[in-house]
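Enquirer: Supplied in structure tokens, the structure appears directly below.
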Amino acid sequence: MESAERPPLLLCDGTNAWHQDLASDRKRSLRGTLSHITDFLNDEANMGTSVPRHTVKLLRTLDLSENSLSELPEVLFQLTALRDLTAKSNALTGLPARLGQLTGLERLVLCENKLSVIPAAIGRLVLLRHLDVSKNILSALPDNICELFALQNLDLNGNRLADLPHNFGQLADLQELHVNDNRLSDLPESFYRLKRLEKLSLSNNMRLSHLRESLCELTALQELSVGGNLVGKLPRGTGQLKLLKRLTLNGNKLSELPVGFDQLTALQHLDLSSNRLSELPNGIAQLTMLQELRLGVNRLQILPEWLGQLTALQVLILSTNRTLSELPDSLGQLTGLRTLSASGTKLSKLPGSVSKLTNLQDLDVTGSGLIETPECIKELTALLSLKICRNYLPMLPELGHLTLLTRLEITGLKLRELPNCIGQLVALEDLYASQNLIVTLPESLGQLKSLTRLELSNNELKQLPETFRRLTLLQRLTLRNNRLDSLSEDDAISDLTALVVLDLRSNNLSSLPNGIGKLSQLTDLDISANDISVLPKTVSQLSALQVINVSENRRIAALPSDIGQLTNLRSMNLRGNDKLSELPVSIGQLVSLEELNTSEICNLSIPPQHVLKEGAQAAVEYLANLSAEHSSHVRIMILGPRFAGKTYLRTTLCYGPPTQDPNTGFLVRPAASLVETNSEKKEDSFGITEWRPQDDFVGEIWDYDYDTGNRDFLDIHRAFLTSRSLYVLVWKLGQQVEAEESLKAWMDTLQRHQPESTIIFVATHSDKVQISNTEKREEIQRMQQLMQKQLLVHKLRQDRLRQALETKVRSYTREKGIAKPSQGLTDLESCLKRQYEQDRDEASKSTTQYHLKAIATKYRLHYEPTYTGDQMIQHTLPDTYLEFSRAHNLANGERDALSLADPAERPSL
């Protein structure tokens with residue numbers, strides 16, 4: 001024996017000499033992840049120099065549970081001293097024959113795996129006393145399992161066994177056998193030789209329709225469970241099982257009990273529920289040791305007076321005997337009774353003798369047809385739970401004396417008010433008073449300071465009492481289907497800081513109090529089907545919120561802009577709020593959102609419907625991208641030929657227009673712009689100026705030249721074009737012919753690289769050129785028509801290109817037999833790349849890339865061009881210039897041609 005003074009789990013050598021210096025994690029019992037255990041078994045360094053390697057083999061207990069193992073590790077079979085092996089809740093599909101090498105095993109637990117077969121080598125574990133292979137998919141047991149002569153406990157629950165081995169009776173030492181939830185129809189003849197069997201469970205074998213008389217020979221049985229079968233009759237000799245303490249027969253077809261049943265005098269727990277009994281045999285009166293009697297869901301019409309003789313009874317269940325019309329007066333003799341359930345019966349009243357059940361803790365008479373107020377209840381001062389729902393009581397019994405009551409259910413009684421005495425139930429934790437006609441609540445309700453759950457749905461409540469704020473421990477509050485037009489006048493709801501669930505569905509609420517934001521523990525909020533027009537901003541402070549239902553508030557036109565702060569939100573229901581036109585971009589922060597219901601909202605455009613159909617995460621991703629585009633940073637690009645007035649326009653926007661010098665009469669530019677002008681852009685370059693038209697808005701204004709003699713710098717300019725920029729094309733009035741080439745070149749560049757960008761045309765020097773106003777208007781109209789024509793040509797070309805590409809993608813999927821474009825991603829990507837590579841023109845290649853990305857995004861494919869924008873630009877752009885453009889664009893949150901080429905920015909699933 002191990003000394004009680006020594007650490008009981010330390011590693012011990014064969015002579016019982018303890019290693020006092022052994023580290024605390026070098027135990028004879030080891031549990032952990034597979035990697036940790038394997039390292040411990042294989043790595044001598046992990047054991048410390050004071051422990052010899054051979055002592056590892058003395059490991060006695062090993063727990064490999066919950067490691068997702070598909071097979072047992074080889075190192076396990078070196079542990080020849082192992083006595084206890086647990087590997088439950090893994091993914092084991094089979095066991096190796098080497099398991100038989102662990103001949104010292106006394107306890108083996110392999111439950112909750114996927115085992116379909118047990119190897120014959122199991123028979124070599126001759127010392128095994130406990131075997132648990134429950135919750136697997138075994139359809140048969142090997143005959144060798146019957147060679148485990150030391151086996152005392154065998155758990156086979158939750159498998160697919162249709163029978164047991166024919167020589168099962170060889171397990172002579174077996175004391176406990178559990179074969180619940182299998183497919184047994186009978187037991188082998190040898191089974192009845194298990195004379196030491198004390199516990200036998202055969203429940204829920206739906207093919208088991210009879211029990212052999214031989215069962216009565218198992219006289220050592222103390223617990224027998226055959227519930228949930230098709231048994232219609234018990235063996236005649238059942239009374240021989242004189243040691244039986246627990247007998248479970250629920251869910252069968254028993255209509256009577258055998259003669260001699262009264263000989264089971266040791267019986268303490270008898271479950272006969274869900275059978276076909278119409279009366280109780282008188283013999284049960286002899287079962288004076290009976291503590292629990294379950295007779296629910298039978299056909300009992302009356303209970304005999306001798307029921308009062310079962311004075312040891314603590315639990316009596318009579319529920320759902322729909323023909324039971326009265327209880328015997330002798331019931332009052334069961335003074336030890338703690339639980340009485342008569343729900344679902346036809347009682348019209350309770351006998352007065354019930355008042356003598358002074359130890360009763362749980363009384364359930366729900367739906368029992370009571371038409372008289374059971375005044376006897378007020379004497380049951382030990383009651384902890386009282387359920388009197390769905391009866392026809394004219395009024396509630398006096399409850400004020402039930403000061404120990406923790407649960408009260410009075411649902412469906414058509415009460416018009418709660419009694420004032422309810423405030424005396426100071427221990428009450430759960431109050432269910434739904435489906436009544438309650439108009440007001442008593443002020444005394446605020447005295448229930450232990451209340452954690454309050455159900456008041458389907459009543460006529462119009463307001464809550466002022467004392468409601470005192471329910472500071474309340475966690476669940478259900479007020480749906482009432483007539484509340486406000487929660488409180490003084491923001492009392494904010495004091496209920498322990499609330500976890502708040503259900504206000506189907507009331508007349510037009511607003512929520514700002515104090516709702518103080519409910520920091522709230523996880524579920526339902527305010528659907530009200531008349532709310534605006535959600536308070538404080539809703540965004542509910543940091544623990546996981547589920548919010550705002551549906552059918554048809555006056556709500558917008559959600560709080562910072563609702564994205566609810567980062568724990570998993571479900572959001574907005575159904576039927578048809579005034580919503582867009583969702584806040586902050587919803588893009590709700591990365592945990594799993595469900596987003598926007599049905600019956602016809603005007604919702606952001607996100608668009610095709611995105612919403614893809615699910616909550618698609619909408620979150622869309623809004624996250626949109627949020628990035630809604631930055632307060634903007635870039636204005638002023639483009640056009642040289643000397644068109646671009647720099648003047650830029651400096652005027654940033655610093656204001658020139659002022660007239662009072663001495664000279666000349667126009668003078670602001671001093672700040674003069675400093676910039678001294679370092680003005682050089683030939684074929686560009687200028688940048690910061691623009692702050694207001695405090696929370698930052699912008700940049702760039703102006704470019706286009707030198708027709710140096711096309712390389714067009715590639716430099718292209719590196720800075722972004723979809724979020726505003727483009728201003730400028731030309732000097734009176735120089736249309738000279739400006740046409742420059743503007744056409746810029747239009748061509750923009751339509752190839754940023755085809756969805758916004759473009760403004762500006763004619764300058766209107767006050768300087770010597771032409772008439774009519775000529776000015778004609779020139780502007782000609783330039784406008786020219787640019788519109790070029791835009792139309794580009795649009796038609798791009799539409800044809802995208803249609804052609806998409807047609808090829810669809811054609812490819814049909815040829816390959818791919819059901820959806822979202823399947824076969826590798827093949828489709830190859831198809832896209834091949835089409836991309838066929839475009840040999842450099843400029844056209846960029847446009848093709850743009851459309852391929854759009855198609856890939858539409859079908860949620862990953863598309864990575866083999867020839868990126870970086871590679872194309874690097875032909876003409878020095879590395880230092882390239883790095884500057886990338887750094888500048890990314891620093892300002894831009895999504896330009898270069899950043900889109902990065903893997904993190906490319907379209908993906």
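The values are calculated or read from the model by the stated rules, or taken from the named source; none is laboratory data. None of the values given here were measured: they were computed from a predicted structure. Glycine gets a Cβ as well: all are built from the backbone with ideal geometry, and neighbour counts include every protein chain shown. With ligands, DNA and RNA removed, areas are computed over all heavy atoms of the protein, side chains included. Shrake-Rupley method; radii C 1.70, N 1.55, O 1.52, S 1.80 Å.
Enquirer: How many of the residues in region 415-434 are in contact (Cβ under 8 Å) with a residue 40 or more places away in the chain and either over 36 Å from the mean Cα position of the chain (by Cα) or more than 15 Å from L399 (Cβ to Cβ) (or both)?
Expert: 1
Enquirer: Can you tell me which residue is most open to solvent (accessible area, probe 1.4 Å) among those in region 350-373 that are among the small types (G, A, S) and touching a helix residue (DSSP H, G or I) at 6+ places or on another chain (Cβ under 9 Å)? Write out each step before concluding.
Expert: We begin by selecting, within region 350-373, every residue among the small types (G, A, S); these are 352-353, 355, 367-369.
From what is left, the residues that are touching a helix residue (DSSP H, G or I) at 6+ places or on another chain (Cβ under 9 Å) are 352-353, 355.
On the way: G352: 52, S353: 15, S355: 35 Å².
Out of the qualifying residues, it is G352.
Enquirer: Pairs needed: first member in region 517-541, within 15 Å of K579 (Cβ to Cβ); second member anywhere, hydrophobic (A, V, I, L, M, F, W, C) and open to solvent by less than 60 Å² (accessible area, probe 1.4 Å); C-beta distance under 6 Å; at least 6 residues apart or different chains.
Expert: Between residues of region 517-541 that are within 15 Å of K579 (Cβ to Cβ) and residues that are hydrophobic (A, V, I, L, M, F, W, C) and open to solvent by less than 60 Å² (accessible area, probe 1.4 Å), the close pairs are N530/L509; I532/L509.
Enquirer: Further question: Just one of (1) open to solvent by less than 50 Å² (accessible area, probe 1.4 Å); (2) under 14 Å from N508 (Cβ atoms) trips up R554, so point out which.
Expert: (1)
Enquirer: Could I ask something else about it? Tell me the residue from S214, S190, S185, S203 that is open to solvent by less than 60 Å² (accessible area, probe 1.4 Å) and in contact with a Ser or Thr (Cβ under 6 Å, 6 or more places away or on another chain), please.
Expert: Residue meeting the stated conditions: S203.
Enquirer: If we scan region 209-222, do we find a residue that is assigned to a loop (DSSP other than H, G, I, E, B) and touching an Asp or Glu at 6+ places or on another chain (Cβ under 6 Å)?
Expert: Among the residues of region 209-222, at least one is assigned to a loop (DSSP other than H, G, I, E, B) and touching an Asp or Glu at 6+ places or on another chain (Cβ under 6 Å), which makes the answer yes.
Enquirer: Can you pull out the residues in region 93-110 that are open to solvent by 10 Å² or more (accessible area, probe 1.4 Å) and assigned to a loop (DSSP other than H, G, I, E, B)?
Expert: T93, G94, L95, P96, T103, E106, listed by residue number.
Enquirer: Still on this structure, please answer the following. Open to solvent by 50 Å² or more (accessible area, probe 1.4 Å), farther than 30 Å from A81 by Cβ and not in a strand (DSSP E or B): does that describe R196?
Expert: no
Enquirer: Which of (1) out of contact with any Lys or Arg (no Cβ under 9 Å at 6 or more places or on another chain); (2) farther than 26 Å from V611 by Cα; (3) at pLDDT 90 or above is the odd one out, the single condition R570 does not satisfy?
Expert: Going through (1) out of contact with any Lys or Arg (no Cβ under 9 Å at 6 or more places or on another chain); (2) farther than 26 Å from V611 by Cα; (3) at pLDDT 90 or above one by one, R570 breaks only (2).
Enquirer: Next question, about the same structure. Would you check which residues across region 557-575 are farther than 18 Å from Q541 by Cα and buried (at least 20 other Cβ atoms within 10 Å of the Cβ) and list them?
Expert: L574
Enquirer: Residues S561, S631, S586: which one is closer than 29 Å to V500 by Cα, modelled with pLDDT under 90, assigned to a loop (DSSP other than H, G, I, E, B) and not aromatic (F, W, Y)?
Expert: Details: S631 fails: closer than 29 Å to V500 by Cα; S586 fails: assigned to a loop (DSSP other than H, G, I, E, B).
Result: S561 is the single residue among S561, S631, S586 that is closer than 29 Å to V500 by Cα, modelled with pLDDT under 90, assigned to a loop (DSSP other than H, G, I, E, B) and not aromatic (F, W, Y).
Enquirer: Within region 770-801, how many residues are loosely packed, with under 12 Cβ neighbours inside 10 Å and either touching a residue at least 40 places away in the same chain (Cβ under 8 Å) or of a type outside the set (A, V, I, L, M, F, W, C) (or both)?
Expert: Matching residues across region 770-801 total 11.
Enquirer: Given (1) at pLDDT below 70; (2) more than 58 Å from the chain's Cα centre (by Cα), identify the lone condition not met by K681.
Expert: Exception for K681: condition (2).
Enquirer: If you scan region 267-288, which residues turn out to be among the aliphatic types (A, V, I, L, M), farther than 14 Å from I317 by Cα and touching a Leu at 6+ places or on another chain (Cβ under 6 Å)?
Expert: Listed by number, the residues that qualify are L267, L287.
Enquirer: Now for a different question. Would you pick out the residues in region 374-413 that are part of a loop (DSSP other than H, G, I, E, B), open to solvent by 30 Å² or more (accessible area, probe 1.4 Å) and modelled with pLDDT of 90 or more?
Expert: Residues satisfying the conditions are T381, L384, R390, Y392, E398, H401, T403, L404, T406.
Enquirer: Determine which member of the set R338, R246, R294 is farther than 25 Å from L211 by Cα, at pLDDT 95 or above and surrounded by fewer than 22 Cβ atoms within 10 Å (Cβ to Cβ). Don't jump to the end; show me each part of the working.
Expert: Working: R246 fails: farther than 25 Å from L211 by Cα; R294 fails: farther than 25 Å from L211 by Cα.
Unique residue meeting the criteria: R338.
Enquirer: Kindly evaluate D329 against the criterion of being open to solvent by 20 Å² or more (accessible area, probe 1.4 Å) and out of contact with any Leu (no Cβ under 7 Å at 6 or more places or on another chain).
Expert: yes
Enquirer: Would you mention how many residues in region 119-128 are part of a loop (DSSP other than H, G, I, E, B) and open to solvent by 10 Å² or more (accessible area, probe 1.4 Å)?
Expert: 3
Enquirer: Turning to a different aspect of this structure: Tell me, which strands (runs of 3 or more DSSP E) lie completely within region 469-533 with 2 or more residues that are of a type outside the set (A, V, I, L, M) and crowded, with 17+ Cβ neighbours inside 10 Å?
Expert: In region 469-533, the matching strands (runs of 3 or more DSSP E) lie at 476-478, 524-526.
Enquirer: Filter region 564-581 down to residues that are part of a strand (DSSP E or B) and of a type in the set (S, T, N, Q) and give me whichever is nearest to S511 (Cα to Cα).
Expert: Ranking the candidates gives N573 first.
Enquirer: Still on this structure: Taking G446 as meeting all but one of (1) touching a helix residue (DSSP H, G or I) at 6+ places or on another chain (Cβ under 7 Å); (2) more than 22 Å from R480 (Cα to Cα); (3) open to solvent by less than 30 Å² (accessible area, probe 1.4 Å), write down the number of the exception.
Expert: It fails just one condition, (2).
Enquirer: Scan region 534-551 for residues that are surrounded by fewer than 16 Cβ atoms within 10 Å (Cβ to Cβ) and part of a loop (DSSP other than H, G, I, E, B) and jot them down.
Expert: Result: V534, S543, A544.
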